[in-house]
Amino acid sequence: MLDIIRDRKEVPLSRADIAKITQMSATSITRITDYLIHSGLVEQVDTVGKGTVGRNGIGLQVIRDSIVTAGISIDSDYIDVCLLDFWDEVMGQRKETLAKRPYTPEEILKIARKLFDGLCSDLGFVPEMVSAVGISCIGNIDYKTGTIFFAPQFQWNQVELGKLAKMYFTQQVYVENDMKSSIVGLSRRDQDLKHENITYLSIGMGVGAAVMYDGVIMRGSNNAAGEVGHIIVEAEGRACDCGQRGCVQTYLTKNSLIEICGEKGHPVEDVQEIYEAYRKGSPWAAAFVDKTVDHLAVLMRNLVYMYDTRYLLVGGAIISDFPEMFTLAKGKLKDLMHSNLYSNLRLKCVMEKYNSMIGAAFVAQENSVEQCGDGNG
Ligand SMILES: [Zn+2]
């Protein structure tokens, strides 16, 4: 019922409307709405003169600032922080770019706290009023304890980030892997995706994916479901740091693209140079992009067969800077799949940014809602 009221945001919903949608009895509706009002999440508002449908003029509406959460995204080269209200709007955000060196977890948390304080002050919001903090971080993570087993970009091993964060934030802190945060961020902001089977594939500094069935994250035994960078796409292919050959991440990350170009006699400093050469019609860039897209299309195909997904969302820094890759891969995909799977598949190019930051704020929000429920019996 809370979700039904929340979906309408600024339009109050009458008890009669709720009865129509839920098919529940008036007694049950009164009992549950009283509980939501008592929890401080929902309020009764006078709808007379607002042109809404409440016959008795009383509607129910979610209290916008009843739950405000912070979302922090820790990436290899920057930290983003936002505040999210209970109408699911981002109230504001701040960013800091990181230097190219390993940071200690304490240094990262200190920067995050500074950004959080700055943002609260920008918005005139008291930091203590923030209900919970969600942190999205690269690496393999135990989301229950907030322990990061391994984050190669920072050379972190067995870092108890959730525990350490308690020294910097008075709020409850929830730590989640960045791909899983991103899929939460993407699905919660799109009504079509909220309760669907989705796979999100990201290519950028790394190759990763996350999977949801009916809006619930699929985790696996090690919370590593979707870590698809080491799927082998060429049996005798390029050497990977995992000790094997032909892993897809040796073809589809920014560094791999730069490396391969150099090996082929077209040295580039940055991937942008490849995109520009392709757009100018350079033959070597066209051939190189075509080969890269073959690997992307095969990976997308494998994900569909692996997870039987309805929506395949493809994003990450390479795709958002160079969406031509997505369009080309989409064109190749049809010939790689059974027609029934292909015709039921919905492909989406993700151009939105900040998905992991917003997703982290949603993770904190969902946990806060649960806490409200627990606290009130
Ligand atoms: Zn590998």
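The values are calculated or read from the model by the stated rules, or taken from the named source; none is laboratory data. These numbers were taken from a predicted model, which means no experiment stands behind them. Ideal geometry is used to build each Cβ from the backbone, glycine not excepted, and the neighbour counts take in all protein chains shown. Quick note on the areas: whole protein, heavy atoms, side chains included, nothing else; ligands and nucleic acids left out. Shrake-Rupley method; radii C 1.70, N 1.55, O 1.52, S 1.80 Å.
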Task: Filter result for the condition that a residue is open to solvent by less than 40 Å² (accessible area, probe 1.4 Å), within 15 Å of Ile108 (Cβ to Cβ) and touching a strand residue (DSSP E or B) at 6+ places or on another chain (Cβ under 9 Å), over Val184, Val175 - done: Val175
- [ ] Hand me the list of strands (runs of 3 or more DSSP E) wholly inside segment 52-135 holding 1 or more residues that are charged (D, E, K, R) and under 17 Å from Ser181 (Cα atoms).
- [x] 78-84
- [ ] Spot the failing condition for Glu276; the list is (1) of a type in the set (D, E, K, R); (2) more than 16 Å from the ligand (Cβ to nearest atom); (3) touching a residue at least 60 places away in the same chain (Cβ under 8 Å), and only one is missed.
- [x] (3)
Task: Residue match in segment 228-241 (condition: over 20 Å from the mean Cα position of the chain (by Cα), of a type in the set (Gly, Ala, Ser), modelled with pLDDT under 95 and part of a loop (DSSP other than H, G, I, E, B)) - done: yes
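If you scan segment 236-273, which residues turn out to be touching a residue at least 24 places away in the same chain (Cβ under 8 Å) and more than 10 Å from the ligand (Cβ to nearest atom)?
Passing the criteria: Tyr251, Leu252, Thr253, Lys254, Asn255, Leu257, Ile260, Cys261, Lys264, Val271, Gln272.
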Open item on the list: Please return the ranges of helices (runs of 4 or more DSSP H) entirely within segment 246-308 where 1 or more residues are among the basic types (Lys, Arg).
Closed with: 254-263, 271-279, 283-307
- [ ] Check whether at least one residue in segment 158-166 is among the polar types (S, T, N, Q) and surrounded by fewer than 21 Cβ atoms within 10 Å (Cβ to Cβ), and report yes or no.
- [x] yes
- [ ] Find all pairs meeting these conditions: Cβ atoms under 9 angstrom apart; at least six residues apart or on different chains; first residue within segment 141-157 and outside the structural domain of Glu176 (by TED's automatic domain parsing) and at pLDDT 90 or above; second residue crowded, with 20+ Cβ neighbours inside 10 Å and in a strand (DSSP E or B).
- [x] none
Open item on the list: Here is a list: Tyr213, Tyr251. Which entry is of a type outside the set (Val, Ile, Thr), at pLDDT 95 or above and over 21 Å from Ile138 (Cα atoms)?
Closed with: Tyr213
TODO: Filter segment 64-107 for residues that are over 20 Å from the mean Cα position of the chain (by Cα), of a type outside the set (D, E, K, R) and farther than 19 Å from Gly40 by Cβ and give the result.
DONE: Leu98, Ala99, Pro102, Tyr103, Thr104, Pro105
Task: Test set (1) within 16 Å of the ligand (Cβ to nearest atom); (2) within 22 Å of Asp294 (Cα to Cα) - Ala224 fails condition number - done: (2)
Open item on the list: With the structure loaded, tell me whether Ala329 is farther than 20 Å from Met205 by Cβ, free of Cβ contacts under 8 Å to residues at least 40 places away in the same chain and open to solvent by less than 70 Å² (accessible area, probe 1.4 Å) or whether it fails that test.
Closed with: no
Task: Subset of segment 332-351 [buried (at least 16 other Cβ atoms within 10 Å of the Cβ) and assigned to a helix (DSSP H, G or I)] - done: Lys332, Leu333, Leu336
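Here is a check on your reading of the model: is Val233 within 16 Å of the ligand (Cβ to nearest atom), in contact (Cβ under 8 Å) with a residue 60 or more places away in the chain and within 27 Å of Phe154 (Cα to Cα)?
Working: within 16 Å of the ligand (Cβ to nearest atom): yes; in contact (Cβ under 8 Å) with a residue 60 or more places away in the chain: yes; within 27 Å of Phe154 (Cα to Cα): no.
For Val233, the condition - within 16 Å of the ligand (Cβ to nearest atom), in contact (Cβ under 8 Å) with a residue 60 or more places away in the chain and within 27 Å of Phe154 (Cα to Cα) - is not met.
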